[in-house]
Number of protein chains: 4
Amino acid sequence: MTSPIDLLRRQVSDLHQELVRYNLVVWTAGNVSARVPGEDLLVIKPSGVPYDELTPENMILCDLDGKVVEGEHSPSSDTAAHAYVYRHLPEVGGVVHTHSTYACAWAARGEAVPCVLTAMADEFGAEIPVGPFALIGDDSIGRGIVETLQGHRSPAVLMKNHGVFTLGKDATAAVKAAVMCEDVARTVHISRQLGEPVPIAQGDVDRLNHRYQTVYGQQPAAR
Amino acid sequence: MTSPIDLLRRQVSDLHQELVRYNLVVWTAGNVSARVPGEDLLVIKPSGVPYDELTPENMILCDLDGKVVEGEHSPSSDTAAHAYVYRHLPEVGGVVHTHSTYACAWAARGEAVPCVLTAMADEFGAEIPVGPFALIGDDSIGRGIVETLQGHRSPAVLMKNHGVFTLGKDATAAVKAAVMCEDVARTVHISRQLGEPVPIAQGDVDRLNHRYQTVYGQQPAAR
Amino acid sequence: MTSPIDLLRRQVSDLHQELVRYNLVVWTAGNVSARVPGEDLLVIKPSGVPYDELTPENMILCDLDGKVVEGEHSPSSDTAAHAYVYRHLPEVGGVVHTHSTYACAWAARGEAVPCVLTAMADEFGAEIPVGPFALIGDDSIGRGIVETLQGHRSPAVLMKNHGVFTLGKDATAAVKAAVMCEDVARTVHISRQLGEPVPIAQGDVDRLNHRYQTVYGQQPAAR
Amino acid sequence: MTSPIDLLRRQVSDLHQELVRYNLVVWTAGNVSARVPGEDLLVIKPSGVPYDELTPENMILCDLDGKVVEGEHSPSSDTAAHAYVYRHLPEVGGVVHTHSTYACAWAARGEAVPCVLTAMADEFGAEIPVGPFALIGDDSIGRGIVETLQGHRSPAVLMKNHGVFTLGKDATAAVKAAVMCEDVARTVHISRQLGEPVPIAQGDVDRLNHRYQTVYGQQPAAR
């Protein structure tokens with residue numbers, strides 16, 4: 001019988017291919033993780049392994065301090081940030097990190113993506129906010145993510161000069177947020193190249209977000 | 001024997017893959033529908049189902065009020081807008097909706113795409129117009145589409161801050177219009193980044209459009 | 001035994017897939033033709049047939065007035081322009097037409113692409129020039145191509161508000177020119193978005209073009 | 001038994017497909033080479049052969065003056081530049097050359113890509129510098145590469161009006177640098193289209209680069 005952790009290994013491995021499919025990553029950049037429900041564990045991508053070689057078996061099982069519990073490789077160098085998020089946001093079941101082009105372009109300027117598309121109101125419910133510049137190596141990145149997104153509707157944060165982190169109730173929802181984040185970051189960027197996008201009234205953003213988060217799709221949407 | 005509705009299910013299912021092929025959609029966004037000829041019915045995509053999992057069998061059959069007649073899933077959340085179009089424009093046999101990047105970039109600024117390419121004169125015969133900002137949930141979007149496109153040569157409308165709707169004599173024609181809409185929205189955007197495109201004289205737009213709509217291809221062109 | 005015309009049908013059919021591979025065309029736009037060596041005949045794409053359905057068998061054989069000699073479908077609506085080129089430029093063995101995005105963006109402004117890349121000096125030996133605005137339906141487009149490119153080093157011309165035509169000693173060379181034209185049109189466009197590209201001295205353009213046209217590759221390069 | 005040179009032929013042949021996968025090349029442009037460890041030899045792409053037809057067998061073996069030692073075709077027209085690099089930089093085991101779009105756009109303006117992304121600090125440790133304008137045909141290009149990169153942290157140089165050369169401890173590392181170079185050239189370009197990216201403090205660039213070059217991945221990173 002397949003254990004819940006084995007199923008999660010497969011899901012996390014497969015979801016990495018969505019990052020490739022949507023052109024969110026190059027070479028070995030980017031990573032997806034999932035919390036093991038009911039346990040202080042997470043499943044994450046190994047560090048520096050090509051996307052073509054990712055398998056359920058080489059995903060790494062870590063505890064919520066980012067220490068390896070099971071796995072032959074080192075875990076993603078961003079594991080500490082993922083682990084910090086899981087320790088501090090119990091409702092989060094999945095985390096994704098990419099350097100997707102348009103999101104990074106906003107992040108390099110330290111500028112939030114304004115909410116000027118109905119699809120953005122649906123998925124993000126607000127602007128996509130900017131988190132602090134933070135160096136890798138301690139809890140700075142994780143803390144920056146949590147402090148920026150706690151109490152914010154957006155499941156995505158642009159970490160300054162760095163890239164995007166997205167959260168979800170599970171790994172699929174976090175990957176969806178990463179895909180949508182790049183999509184709207186690109187569209188709003190292109191729109192602004194030739195003038196100012198028309199703002200959407202706050203009340204309309206609220207109505208759209210409420211409707212989407214409660215009635216869209218075949219079951220309640222993520223996060 | 002395959003029924004006309006089964007053939008239409010297959011056609012609508014297959015046409016969704018054209019939206020993927022031409023990069024007009026991400027995740028589960030976008031939808032194609034077709035009117036069932038001679039009946040007050042339409043076939044449309046289910047809501048929130050990944051493009052890889054769309055099949056003739058999971059397409060939804062609805063009446064022209066958008067109520068499900070046959071289908072296990074909920075229909076696309078844009079079904080009301082499609083249905084409104086079919087109720088009010090009897091010559092329309094297919095409707096497509098996308099959030100394609102460049103079209104949305106114009107839509108976010110509430111700006112029409114000017115007709116500065118011969119391919120645009122051929123297919124659209126005019127600028128691609130902007131429809132009103134409208135919330136999902138009632139007939140606002142459908143009404144905005146119909147009021148903008150009735151009496152207009154363009155089979156495409158940019159709904160403000162939202163996305164594109166395209167119409168056609170059948171679903172294939174509507175998908176073609178969606179593909180061409182993004183193509184010209186992109187080219188004209190890029191052209192304008194470095195200066196002003198040269199306008200095409202109205203008489204030449206008229207001549208090109210007339211010729212294309214009557215003699216191009218192996219049979220009369222759509223819409 | 002396979003006849004020379006059958007071989008050419010296959011070559012022209014296959015080369016259309018290169019237009020798809022390099023994203024130079026959408027839907028049924030674009031076309032490739034080849035002169036039948038030693039005969040007043042050309043092989044060209046049928047009109048309005050999807051790229052997936054192009055085969056050696058459905059390519060159209062026409063005379064150099066554009067009249068169909070063999071083929072079930074109508075020939076490309078641009079056949080008259082191809083035929084005019086073959087009638088007036090005996091050294092040309094292949095012609096390609098596309099609406100590729102960046103080339104069209106320059107064409108919509110009626111602006112030549114300046115020669116600011118060594119790869120452009122190699123392949124084009126000069127700026128890529130702009131031809132006149134011309135309506136489809138008579139010899140205007142063909143005449144515009146020939147008058148612009150006769151005596152010019154460039155195998156590509158940007159027809160104003162329309163698209164690109166490229167010429168070559170054979171169809172492969174013309175397709176290569178279409179691929180390179182879009183590539184340099186894109187790169188120079190992007191370069192100019194943030195400032196002025198540095199010009200290359202005319203003597204250096206001459207030296208690069210001479211070398212490339214005589215010594216590059218395994219055999220003498222096209223045109 | 002497979003000889004070390006045969007293994008290198010396969011590796012170099014395979015790595016060319018990465019240039020295609022990441023859209024760094026069109027038609028026959030671009031090339032990868034590898035030094036044969038412990039010998040005054042290099043393996044490089046043949047000139048003017050399509051990427052689809054590259055095989056281990058048609059890779060060319062040259063000495064470090066660029067003269068063919070084994071191979072039926074002519075070697076890449078850029079062989080002299082590769083050979084010059086191997087003669088002058090003994091720590092380099094792989095060299096890549098492309099005309100990738102965004103890198104060339106910076107190169108056409110003669111402008112370095114500023115280090116405003118943490119991924120760029122990781123991989124390049126500094127701005128990506130510009131080398132001189134140099135004609136093909138003698139040692140000018142090779143000398144320009146070496147003089148620009150000697151003592152520089154960046155494994156990539158933008159040769160003015162031309163393209164990119166990247167170096168690595170082996171061919172894989174050089175290909176990775178070519179992929180990352182285009183990725184950051186694109187992101188920084190897009191960021192600058194709507195304002196100025198925020199600089200990263202030099203001390204932070206240093207810390208990021210030191211960490212990445214020593215601890216990232218499953219083994220020490222390239223160069």
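The values are calculated or read from the model by the stated rules, or taken from the named source; none is laboratory data. Every value quoted in this text rests on a predicted model; they were computed, and no experiment measured them. Glycine gets a Cβ as well: all are built from the backbone with ideal geometry, and neighbour counts include every protein chain shown.
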| message | Can you list residue pairs whose Cβ atoms sit under 6 Å apart, with the first residue in region B:97-117 being closer than 19 Å to A:C115 by Cβ and within 7 Å of chain A (Cβ to nearest Cβ) and the second being assigned to a strand (DSSP E or B) and not aliphatic (A, V, I, L, M)? Count only pairs 6 or more apart in sequence or on different chains. | response | B:H99/B:G163; B:C104/B:G163
| request: State yes or no: is C:Q150 at pLDDT below 95 and facing another protein chain (nearest Cβ under 7 Å)? | output: no
| note | (1) within 23 Å of A:V20 (Cβ to Cβ); (2) more than 13 Å from chain D (Cβ to nearest Cβ); (3) under 16 Å from the mean Cα position of the chain (by Cα) all hold for A:A83 apart from (1)
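Rundown of residues vs (1) surrounded by 20 or more Cβ atoms within 10 Å (Cβ to Cβ); (2) under 20 Å from D:A29 (Cα atoms); (3) at pLDDT 95 or above, yes/no style:
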site	(1), (2), (3)
D:K169	no, no, yes
D:E182	yes, yes, yes
D:S191	yes, no, yes
D:A201	no, no, yes
D:D204	no, no, yes
D:G217	no, no, no
| message | Could you tell me how many of the residues in region A:1-55 are out of contact with any strand residue (DSSP E or B) (no Cβ under 7 Å at 6 or more places or on another chain), under 13 Å from A:G93 (Cα atoms) and charged (D, E, K, R)? | response | 1
| Criterion: of a type outside the set (D, E, K, R) and surrounded by fewer than 20 Cβ atoms within 10 Å (Cβ to Cβ) - qualifying residue of A:P46, A:P50 | A:P50
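Tell me yes or no: at least one residue of region C:82-90 is closer than 30 Å to C:D204 by Cα, of a type in the set (A, V, I, L, M) and surrounded by 22 or more Cβ atoms within 10 Å (Cβ to Cβ).
No: zero hits.
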| request: Could you look through region C:36-48, keep only residues that are part of a loop (DSSP other than H, G, I, E, B) and over 16 Å from the mean Cα position of the chain (by Cα), and pick out the one that is nearest to B:K176 (Cα to Cα)? | output: C:G48
| message | Considering only residues that are aliphatic (A, V, I, L, M), out of contact with any strand residue (DSSP E or B) (no Cβ under 6 Å at 6 or more places or on another chain), over 17 Å from C:N23 (Cβ atoms) and more than 7 Å from chain C (Cβ to nearest Cβ), which ones fall in region B:174-201? | response | B:A201
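Does any residue of region B:161-169 turn out to be assigned to a helix (DSSP H, G or I) and either within 10 Å of chain C (Cβ to nearest Cβ) or among the polar types (S, T, N, Q) (or both)?
no
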| remark: Residue count, region B:49-83, condition part of a helix (DSSP H, G or I) and more than 23 Å from B:E182 (Cβ to Cβ), comes to 3
| said: Taking the condition of being more than 11 Å from D:L194 (Cβ to Cβ), touching a residue at least 60 places away in the same chain (Cβ under 8 Å) and among the aliphatic types (A, V, I, L, M), how many residues in region A:188-205 meet it? | reply: 3
| Residue in region C:11-25 that is more than 30 Å from B:L15 (Cβ to Cβ), in contact with a Ser or Thr (Cβ under 9 Å, 6 or more places away or on another chain) and assigned to a helix (DSSP H, G or I) present | yes
| message | within 22 Å of D:T187 (Cα to Cα), more than 10 Å from every other protein chain (Cβ to nearest Cβ) and either more than 19 Å from the chain's Cα centre (by Cα) or among the aromatic types (F, W, Y) (or both): is that true of A:Y51 in this structure? | response | yes
| task | Take A:S33 and decide whether it is of a type in the set (S, T, Y), part of a helix (DSSP H, G or I) and closer than 30 Å to A:R186 by Cα. | result | no
| Just a yes or no: is a residue in region A:124-137 free of Cβ contacts under 8 Å to residues at least 24 places away in the same chain and either of a type in the set (V, I, T) or away from every other protein chain (no Cβ under 14 Å) (or both)? | no
| said: Here are the criteria: (1) surrounded by fewer than 19 Cβ atoms within 10 Å (Cβ to Cβ); (2) away from every other protein chain (no Cβ under 14 Å); (3) among the hydrophobic types (A, V, I, L, M, F, W, C). Tell me which single one B:I145 does not satisfy. | reply: (1)
